Amino acid sequence: MAGVARTADGLRSCPGFGPFWAAATVSSFGTYVTTLAVQVLVVLTLGGGAAEVGLVSAGRRLPYLLSVCSQACSSIGPVVGRYW
């Protein structure tokens, strides 16, 4: 890119990269611990097996799936309505 000076440090020379990287690392670790803890709780507290752990894990991702489906339906609805 013209006008952009590149240094040997790369991203480490950006002032906000260190805190961003640390926050992303802590967030990823927290997600991992939460996933593991929920699975252990299903097995130990509720006495569930592999199927129940799978259902709980799938249920954790259900809001994301519904969000994507609702956005896809709202964007494709007028097209389908026009030609149907």
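The values are calculated or read from the model by the stated rules, or taken from the named source; none is laboratory data. Since the structure is predicted, the reported quantities are computational estimates derived from the model, not experimental observations. Cβ sites come from the backbone with ideal geometry, for glycine too, and all protein chains shown count toward neighbours.
Quick notes on this structure:
- Of all residues in the range 34-49, those satisfying the criterion of being part of a helix (DSSP H, G or I) and surrounded by 10 or more Cβ atoms within 10 Å (Cβ to Cβ) are 34, 35, 36, 37, 38, 39, 40, 41, 42, 43.
- Across the range 66-79, not a single residue is classified as among the small types (Gly, Ala, Ser), surrounded by fewer than 10 Cβ atoms within 10 Å (Cβ to Cβ), at pLDDT below 90 and part of a loop (DSSP other than H, G, I, E, B).
- Flag for residue 11 being loosely packed, with under 10 Cβ neighbours inside 10 Å and either over 22 Å from the mean Cα position of the chain (by Cα) or modelled with pLDDT under 75 (or both): no
- Considering only residues in the range 14-27 that are among the small types (Gly, Ala, Ser) and surrounded by 10 or more Cβ atoms within 10 Å (Cβ to Cβ), the one that is modelled with the lowest pLDDT turns out to be 18.
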